[in-house]
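Novice: If you scroll down you'll find the structure; I have some questions about it.
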Amino acid sequence: MSAGGKESISFEAGGYVAAGLTISIALLLLGDTPRIREDLRSLFIAAGTIIPFLLFAFIRFYVDDLRIAVRRGPNPWILALLAWSLVAFYVSPYRQISAIVSSDLVRVFSGGVIYLLAAYGLRSPREVSNAAVGLTCLGVLVGLAEFYDIGGSHNLSSYVRLNTIFGSHEGLGTLLMLALPVPLAFVLNNETEEKRRLVGLAATLILGVALVMARTRSAWIGITAAFLALILFNHWLSGKLPGRSQRGSKPQRQGNAVISFLTSPATLLVLTLVGILIFTGVSSFIQSRASLQTAIVDSGHRFDLWKAGARMTSDRPLTGWGLGSFLILQGRWSHIGDDVAAIMTRGADESNNAHNYYVQWAADTGAVGLFLHIAAVTAFLVIGLRGLWNLRRTSKSSLSNVPTFQKTLLAGCVAAVIGGCVDMIASPAYTFHSLSSIFWLLMGLGVAALRPATTASTAVNSRNLSSPVPALPSASLFSGIIPPLAGGAAAAIVLFVGHQQTAVGRRLPRGTFQIVAVKQKPGPVLAGDKVLWQAVYRDHKGVRTNTYPGTIWEFSSPDALALEQMKRSVAFSRYGKHPDFDSSLSITAPSGTAQPITAHASFYDAYSRRYDAWSSVSVSRTIRLARPKTKP
């Protein structure tokens, strides 16, 4: 898969940018691996984040003139997205007390820097090739590591789901899905040299089998979209135009259409994967995972989280709630996962993730943030598709001297981004630092693959910051209109869903919400006793619904000293008898007071309607005496 052969150009320039990008991604992957100690994971993430910034700061020159490049393709949208992320960071109410917020900001900016390094810091086709090979090798190593661990598992189905390198199957599936289209593109392209194709085929089989065994439905759908895109791109790149000679391409296979189909790389690859899965005995749990009925049952909570994120966006449509705020606050709207206190204490896990990057990003950064993200990715796809289409007409295109390697890499990167965009609809993995960086790296490699070889040669040899033909052509009317239309449509859909949920609530009868003192003896509460209130909500049909997380508790006492003592002993949690439903407030009654204690709870239902309830208990000055122990 390297850019060798007659069509490639060898340069003496060092490949430290490609090596740095590969090392950075590897460190970030280690940092997202829960099997490693927490202190080492933090160290890996810090090192993996610092490396791209150091490369960006100390790189000698860029292939294109950045003053021109920032105005082309996805670049202005990406810069605007980074600027808006700063606004969302400032808006977040938890930016000074939660590492989630700062981690999200670092994730976004490091992804942007990795994109710029890949697009403009890789100065030759060989360096671009090294970065692409490095990413593929990382994916293969992860796949082989999973095969090793799976071989020692006694319960294959449970193991693959719960104990992958990322702690869950979603992160593993997304990594493999993003890494697979690049080697697959070289396998499908008939112009690929045979040795290179064999290497690509080996990588494709390892990544493909590992991806299927990861049992990640969203990644399966994403790779299907990427595979179909590669089939289309391969047809484009074959240059089947009337009257065109196909110089440099391999002789076409002879025989009827059936034989040609059966001997095609795509067919052989699919048959090989199917054979491996059948004869390794894993087809049963894969079939169960792929069941439509199972998918619908498993998606119940995800739909609730998506609707909650849409309502959050509708409540603050412009700026959102701030970076990282969905993970912290979503329980108020969804009543799924953990409450704010639990997240601030031990951090957030996937139960608090929306499993939809678009919805979660909209809740964090508002409709503006979602608009900019969609516009940036769409601008890259438009420019990439435009480049692939123009490669059919090499005599009229400025990209006529793009080598076969770069054409194939461009097809693989565009297909991987398409698959990632599909995967984002139902995957929580793109909030991982490493996987988000891989997504932006693929976009950067795609831009680098658009650059003519003569341009890279001129820039490297002369060390000239300006290039005769930039990688990204100037925007046409079509490529300039599509990104904002796509971004506006995505933002409008999220806002519409949130608005509709609120509108439905205005038409339905309200439910009932109350807080009840439980486990309380008749009469006043004595000093030292625990006072426990339970929050109970029933909808208009009488169905009991979760109040944990998301119930907001307050309590008060006329005695200021007693109030301070209660604050030190308060506990917010689920109620033990109903762990799936009820939020509770537990307070230890202080001594030296006879004043009542009042609890107040606020609750928002599935339509963002607010409910309030109050309850008071009286406290006696008498202290409950412990019963003397009797000797047997």
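The values are calculated or read from the model by the stated rules, or taken from the named source; none is laboratory data. The model shown is predicted, which means the values in this text are computed figures rather than measured ones. Ideal geometry is used to build each Cβ from the backbone, glycine not excepted, and the neighbour counts take in all protein chains shown. To get the accessible areas, we keep the full protein, side chains included, count just its heavy atoms, and leave off ligands, DNA and RNA. Shrake-Rupley method; radii C 1.70, N 1.55, O 1.52, S 1.80 Å.
Novice: Tell me which residues come under 5 Å, amide H to amide H, from Phe555 once H is placed; ignore anything under 5 positions away on its chain.
Specialist: When sequence neighbours closer than 5 places are left aside, the close amide H contacts are His600.
Novice: I've got another one for you. Can you list the residues, at least 5 places off or on another chain, whose amide H is less than 5 Å from the amide H of Gly511, using H built in the peptide plane?
Specialist: Answer set, sorted by chain and number: His540.
Novice: A further question on this structure: Taking the Cβ-Cβ separation of Arg67 and Arg609 as r and a Förster radius of 60 Å, what is the calculated FRET efficiency to the nearest 0.05?
Specialist: In this case the efficiency is close to 0.70.
Novice: Follow-up question, since we're still on this one. Reachable aspartates and glutamates from Lys195, Cα under 16 Å, same-chain residues fewer than 8 places away excluded?
Specialist: Straight-line reach from Lys195, under 16 Å: Glu7.
Novice: Determine the per residue accessible area of region 12-92 with all protein chains present and a 1.4 angstrom probe, expressed in square angstrom.
Specialist: Accessible surface, normalised per residue, equals 51 Å².
Novice: Tell me, what HN-Hα J-couplings in whole Hz come from the Karplus equation 6.51 cos²θ - 1.76 cosθ + 1.60 at θ = phi - 60° for each residue of region 334-341, using x for Gly and Pro?
Specialist: 9, 6, 10, x, 10, 7, 4, 4
Novice: Right, here's the next one. Using r as the Cβ-Cβ distance of Ser620 and Val543, and R0 as 30 Å, what FRET efficiency do you calculate, to the nearest 0.05?
Specialist: Given R0 = 30 Å and the Cβ-Cβ separation, E is 0.20.
Novice: So which aspartates and glutamates pass the test for Lys541, namely a Cα distance under 15 Å, with those fewer than 8 places away in the same chain ruled out?
Specialist: Asp605
Novice: In Å², and per residue, what accessible area does region 503-555 have when probed at 1.4 Å with the other protein chains present?
Specialist: 55 Å²
Novice: Nearest 0.05, what FRET efficiency do Ile231 and Leu141 give at R0 = 30 Å with Cβ-Cβ as r?
Specialist: About 0.60, to the nearest 0.05.
Novice: With unit charges on the beta carbon (Lys/Arg positive, Asp/Glu negative), name the residue among Leu79, Val108, Ser92 whose Cα is farthest towards the positive pole of the charge dipole of region 70-157.
Specialist: Leu79
Novice: I've got another one for you. ³J(HN,Hα) across region 182-191 via Karplus (A = 6.51, B = -1.76, C = 1.60, θ = phi - 60°), whole Hz, x for Gly/Pro?
Specialist: Ordered by residue, 3J(HN,Hα) equals 5, x, 4, 4, 6, 5, 7, 7, 5, 7 Hz.
Novice: What nm value, rounded to one decimal, do you get for the distance between Asp304 and Ile59 when each label is placed 7 Å out toward the C-beta?
Specialist: 4.6 nm
Novice: May I ask you to give the solvent-accessible area per residue for region 340-448, in square angstrom, as obtained with a 1.4 angstrom probe?
Specialist: Values: 2590 Å² over 109 residues.
Heavy-atom accessible area per residue stands at 24 Å².
Novice: Moving on to the next point. Are there trypsin sites (Lys or Arg not before Pro) in region 312-419 that DSSP puts in a loop and that have at most 13 other Cβ atoms within 10 Å, and which ones?
Specialist: Sparse-neighbourhood loop trypsin sites (Lys or Arg not before Pro): Lys396.
Novice: Let me ask something additional. Towards the positive end of the charge dipole of region 306-425, with charges on Cβ (+1 Lys, Arg; -1 Asp, Glu), say which of Ile336, Ala308, Leu385 has the farthest Cα.
Specialist: Leu385
Novice: Could you work out how much longer the chain between Ala503 and Ala83 gets when fully extended? Use 0.36 nm per residue separation minus the Cα distance between them, nm to one decimal.
Specialist: 147.9 nm
Novice: Expressed in nm to one decimal, what extension gain is obtained for the pair Thr224 and Tyr148 from 0.36 nm per residue of sequence separation less their Cα-Cα distance? Don't skip to the end; give the middle numbers.
Specialist: On the way: separation 76, 0.36 × 76 = 27.36 nm, distance 2.60 nm.
Going from the current span to full extension adds 24.8 nm.
Novice: Give the peptides 192-205, 503-516 in descending order of average Cβ contacts within 10 Å, highest first. Each step should come with its number before you reach the end.
Specialist: Numbers: 192-205: 18.2, 503-516: 13.8.
Ranking, from highest mean packing down: 192-205, 503-516.
Novice: Let me ask something additional. Got a sec to turn the phi values of region 500-516 into Karplus ³J(HN,Hα) couplings, 6.51 cos²θ - 1.76 cosθ + 1.60 with θ = phi - 60°, whole Hz, x for Gly and Pro?
Specialist: Each residue's phi maps through the Karplus curve to give 5, 4, 5, 5, 4, x, 6, 9, 8, x, 6, x, 10, 9, 8, 10, 10 Hz.
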